[in-house]
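S.K.: Please read through the structure below; I'll follow up with questions.
The values are calculated or read from the model by the stated rules, or taken from the named source; none is laboratory data. Small disclaimer: the values here were computed from a predicted structure and weren't measured. Cβ coordinates were reconstructed from backbone atoms using ideal geometry, including for glycine residues, and neighbour counts include every protein chain displayed. These accessible areas exclude ligands, DNA and RNA; they are computed on the full protein's heavy atoms, side chains included. Shrake-Rupley method; radii C 1.70, N 1.55, O 1.52, S 1.80 Å.
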Amino acid sequence: MDTETYEALGLHRALGDVDPTRVVNGRANREIQQALSVPSDRQYHPCPEASPAGDVPRGQVVSHRDWAGARIFPRTTRDVRIYTPPGFDPAGPPPAVIVFNDGSWYLDRDGPVRAAAVLDSLIAAGEAPPTVAVFVMPGKNPDNPQQRSFEYDSLTDLYARFLLEDLLPFVEAQIGCALTSNPAWRTVCGISSGGICAFTAAWRRPDAFGRVISHCGSFTAIRGGHNYPFLIRSTDRKPIRVWMQSGAADADILFGSWPAANKEVAASLAFAGYDVKFVFGEGGHSLSHAGAVFADTLRWLWRQD
């Protein structure tokens, strides 16, 4: 679908753009709050690799607050944090890269994922190559209170272009070398709207991003994401590998049912012959289950076969 058709159909506009407090049949999108913390999430804990032994070398994280270098999304600022692996040598082979949308949620040392620590563990064990991780937050734009949704939920190529034209060149300048150009070692990860965004980046630019991690992906009627099952089934297969997660207590609101939508997208990917793994648990709209299986996620996604 080209951008002109997408906008002509009104898919670029979310219900929240028009009336974020809308109530229909006594139901409202604000009910998503009920899915953010549910009792069934209490069974999930960060994977063991999120707590490396004391002798495991640790990578370095450098923060760039209020970065304003996004030309694709003008007038925005955002926080960017760049992880470089232990012993990183810019003169060595180009490193793998993984981009985390809503990056602070994944980087949080006390959070459910603790992605930098997991990378430290896997790299030390020889189960992952030297990998640069980019933890990026959605843009803040005083003119658009829906900036996160606009960036993440849109089905256009804008976010992929933002990564390729703005963010990753900035990262390469900061680390002093080029990132790998091999899409099999270029991953995008995210939760909720960030999850569908990760998929859209690879869907739009499989030549640049060959691996996807979607946690509780918003494949619902926010800005047209509910169209993906048909698009996946009716489009020539793209060279991407996709790992997905959702849970029985995930969100169920006016936009749609996240459990049902994720099941349908996973089924469509399998139907079309994609290399896809879908893990469906009992949790809600959170990273609790995602963190419990995050090391295994990377092992599956980055396996060589």
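S.K.: Give me the lysines in straight-line cross-link reach of LYS238: C-alpha distance below 25 Å, same-chain residues under 8 apart excluded.
M.R.: LYS263, LYS277
S.K.: Suppose we keep just the DSSP beta bridges with both residues in the stretch 196-305; what percent of those would be antiparallel, to 5?
M.R.: Numbers: 2 of 14 bridges.
Counting DSSP beta bridges with both partners in the stretch 196-305, the antiparallel share is about 15 percent.
S.K.: Evaluate the distance, in nm, between pseudo-label points positioned 7 Å from the Cα of VAL56 and of ALA260 along their respective Cα→Cβ axes.
M.R.: 4.0 nm
S.K.: Measure out, as a whole number of angstrom, how far apart the alpha-carbon centroids of the stretch 65-100 and the stretch 274-305 sit.
M.R.: 24 Å
S.K.: In the full protein assembly as shown, how much of HIS285 is accessible to a 1.4 Å probe, in Å² to the nearest 10?
M.R.: About 10 Å², ignoring ligands and nucleic acids.
S.K.: Ignoring everything but the protein chains, give the 1.4 Å probe accessible area of TYR106 in square angstrom, nearest 10.
M.R.: About 0 Å², ignoring ligands and nucleic acids.
S.K.: Quick check: residue separation of ASP108 and ALA270 times 0.36 nm, minus the Cα distance between them. What number comes out in nm?
M.R.: 55.0 nm
S.K.: Here is a further query. Could you report the accessible area of LYS238 in Å², rounded to 10, computed with a 1.4 Å probe on the protein chains as they sit in the structure?
M.R.: Accessible area of LYS238: about 50 Å².
S.K.: Shifting gears a bit: Between ALA248 and LYS140, take the C-beta separation as r, use R0 = 22 Å, and let me know the FRET efficiency to the nearest 0.05.
M.R.: Between ALA248 and LYS140 the formula returns 0.05.
S.K.: In addition: Consider the candidate values (i) 20.5; (ii) 19.5; (iii) 24.2; state which one is Kirkwood radius over Cα pairs in Å computed from the structure displayed.
M.R.: Correct label, based on the coordinates given: (ii).
S.K.: For an R0 of 30 angstrom, estimate the FRET efficiency from the Cβ-Cβ distance between ALA125 and CYS177 and round to the nearest 0.05.
M.R.: 0.80
S.K.: OK, next. How large is the helix-only mean residue ellipticity at 222 nm for the chain, computed as the sum of -39500 (n - 2.57) over DSSP H runs with n ≥ 4, divided by its residue count, in deg cm²/dmol to the nearest 500?
M.R.: Value at 222 nm, helices only: -7500 deg cm²/dmol.
S.K.: Set the Förster radius R0 to 35 Å, insert the Cβ-Cβ distance between GLU31 and LEU231 as r into 1/(1 + (r/R0)^6), and round the FRET efficiency to 0.05. Kindly include the intermediate steps, with their values, before the conclusion.
M.R.: Working: r = 28 Å, r/R0 = 0.79.
Taking R0 as 35 Å, the efficiency between GLU31 and LEU231 is 0.80.
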